[in-house]
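See structure below.
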Amino acid sequence: MKNFYIIDFDSTFTQVEALDELARISLKDHPDREAIYKKIEDLTNLAMEGKLSFRESLSKRVSLLEANKSHLKELVKHLKTKVSASFSRNKIFFKKHASEVLIVSGGFKEFITPVVSAYHIAKENIYANTFLFDEHDNIIGYDATNPLSNEGGKVELLKQLQLPGEIYGIGDGHSDFQLKEFGMIKKFYAFTENIERKTVAAKADHVTPSFDEFLYVNNLPQAISYPKNRILCLAIGNVPEKSLELLKKDGFGIRHKDTFEEKYVADVGMMLLANGESIADDVLKRALKLKTIGYLGNSAGKISHELCTEMGIVIFDNPKQSAGNAEFIPRRINNFINKGHTNYSANFPNIQLPRLAANESGSLEAHRLIHIHKNVPGIMAQINNVFATHQINIVSQFLMTNPQIGYVITDVGAQYDKQVLKDLKQIEHTIKFRILY
């Protein structure tokens, strides 16, 4: 039996609610546009939280739009730039599971189909409402016979489809949860990358802050090796809000504390410290998952650079204490985690890497492996011997050293025996190893 994946569109596949965006296009010259925008947004939220019937919400929203087909063309162009980041980078999943993915939405095919078709999703697997137009191409309503225009429409649709397999639902709203409530799906995943509706998340089998998380927990093809929401980023002290927003936007799990708390030592993967904060050596020694530290000022004397280097922890700071640190330093630690860049590091050999090329489907042709090791003779020979033994195709390789350590990035063909990863970790003098993506 196959698995099927039911995916919502608004605020899930895309970052926004499409009808709200359509209103901003069609009503941009209306004198009361702000009040109407607010009314439409409120109607959307009431329906998504289960506080208003979907039919009533939909009817009222459509009646307020004053939109036509030309506005829809503009909307589609806009929505293509608003695909949720974690969906956008995972085209490989949609290509491999094209027949098993269904878009089921209370939105409208006129704007959904052009957006999701680029992700290998078949038109016959797109279930949504359709608009009604007058002779001048103005939207005058919708097909009221479509079950998706009603309260509980997704439940009714799945009853009709009778899919022969286990079904998993991903969405942000009450109508998505109803699929689980009425026994139509095995598990419901509350998608919170764009918005978290607490009443929905509280009922979910699993809260998934990104599509990467959903793919990871279900052992499905994914663009990155580990969901960023699972990498704990600890911010300590008077860290500016703009710094935190940059990290949150990139999908990391953020904890902001006034002082360091012992309970985070074992799990912290990233740290961002306000100027003047410090980390004791005994804490660093026990922070075995820690990969990088951003310091909003001069870290000298506050963090042991030597110890961090020995442990493979990359430090980014700016002794000039520039006002731009609030953005510059978070971007540096983001770029290290996301791309492997160490340029501007205070303690590591500096490397800025080219992007890996994607194929026509948007999936990467290679995986990027990061190996940090003591700078002793023969390490590179051992690393490349592992690749040779496993007949790994090396796409590109980058190495920089300082007197203490070597930092080597190897891009390899995406198909390889996972034993190669274990063998690389077991090379003598290895400090840290990870798959970047």
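The values are calculated or read from the model by the stated rules, or taken from the named source; none is laboratory data. Keep in mind it's a predicted model, so treat the numbers as computed, not measured. Please note: Cβ atoms are built from the backbone with ideal geometry, for glycine as well, and neighbour counts cover all protein chains shown.
Within region 259-275, the set of residues being in contact with a Gly (Cβ under 7 Å, 6 or more places away or on another chain) and in a loop (DSSP other than H, G, I, E, B) comprises N275 only.
If I go through region 234-258 residue by residue, how many of them are charged (D, E, K, R), closer than 21 Å to Q321 by Cβ and in a loop (DSSP other than H, G, I, E, B)? Give the derivation first.
In the first step, residues of region 234-258 are kept if they are charged (D, E, K, R); the result is 241-242, 245, 248-250, 255, 257-258.
Checking which are closer than 21 Å to Q321 by Cβ leaves us with 241-242, 245, 258.
So of that shortlist, the ones also in a loop (DSSP other than H, G, I, E, B) come out as 258.
Residues in region 234-258 being charged (D, E, K, R), closer than 21 Å to Q321 by Cβ and in a loop (DSSP other than H, G, I, E, B): 1 in total.
Hey, can you tell me all the residues within region 307-328 that are more than 20 Å from K289 (Cβ to Cβ) and either in contact (Cβ under 8 Å) with a residue 24 or more places away in the chain or assigned to a loop (DSSP other than H, G, I, E, B) (or both)? Lay out the reasoning, then the answer.
Initially, region 307-328 is screened for residues more than 20 Å from K289 (Cβ to Cβ), giving 317-328.
Passing the criteria: D317, N318, P319, K320, Q321, S322, A323, G324, N325, A326, E327.
Listed here are the helices (runs of 4 or more DSSP H) enclosed by region 46-161 that have at least 1 residues being over 19 Å from F13 (Cα atoms) and touching a residue at least 12 places away in the same chain (Cβ under 8 Å): 54-65, 69-79, 153-161.
All told, D176 meets the bar of being closer than 26 Å to T81 by Cβ, of a type outside the set (A, V, I, L, M), assigned by TED's automatic domain parsing to the domain that holds F54 and modelled with pLDDT under 95. Summed over region 162-195, residues that are assigned to a loop (DSSP other than H, G, I, E, B) and touching a residue at least 12 places away in the same chain (Cβ under 8 Å) total 12.
Picking from residues in region 11-29 that are in a helix (DSSP H, G or I) and among the hydroxyl-bearing types (S, T, Y), the one that is farthest from Y189 (Cα to Cα) is S26. What is the number of the single condition among (1) within 20 Å of N338 (Cβ to Cβ); (2) touching a helix residue (DSSP H, G or I) at 6+ places or on another chain (Cβ under 8 Å); (3) at pLDDT below 95 that L220 does not meet? Of everything listed in (1) within 20 Å of N338 (Cβ to Cβ); (2) touching a helix residue (DSSP H, G or I) at 6+ places or on another chain (Cβ under 8 Å); (3) at pLDDT below 95, L220 misses just condition (1).
Could we say that V283 is over 24 Å from Q15 (Cα atoms) and in a helix (DSSP H, G or I) here?
On the way: over 24 Å from Q15 (Cα atoms): yes; in a helix (DSSP H, G or I): yes.
Against the criterion (over 24 Å from Q15 (Cα atoms) and in a helix (DSSP H, G or I)), V283 qualifies.
If a residue has to be among the small types (G, A, S) and in contact (Cβ under 8 Å) with a residue 60 or more places away in the chain to count, how many in region 196-225 make the cut? Please lay out each step first, then the result.
Initially, region 196-225 is screened for residues among the small types (G, A, S), giving 201-202, 204, 210, 223, 225.
Of the ones still in play, those that are also in contact (Cβ under 8 Å) with a residue 60 or more places away in the chain are 210, 223, 225.
Here the count works out to 3.
Scanning region 422-434 for residues that are buried (at least 16 other Cβ atoms within 10 Å of the Cβ) and either in a strand (DSSP E or B) or in contact (Cβ under 8 Å) with a residue 40 or more places away in the chain (or both) yields a count of 7. Residues in region 375-401 that are over 16 Å from G413 (Cα atoms), surrounded by 15 or more Cβ atoms within 10 Å (Cβ to Cβ) and aliphatic (A, V, I, L, M): I379, M380, L399.
Search region 149-160 for residues being modelled with pLDDT of 95 or more and under 31 Å from the mean Cα position of the chain (by Cα), and hand back the single one that is surrounded by the most Cβ atoms within 10 Å (Cβ to Cβ).
Within region 149-160, the subset modelled with pLDDT of 95 or more is 154-160.
Applying the additional criterion that residues be under 31 Å from the mean Cα position of the chain (by Cα) yields 154-158.
Numbers: K154: 29, V155: 19, E156: 16, L157: 19, L158: 24.
Ranking the qualifying residues of region 149-160, first place goes to K154.
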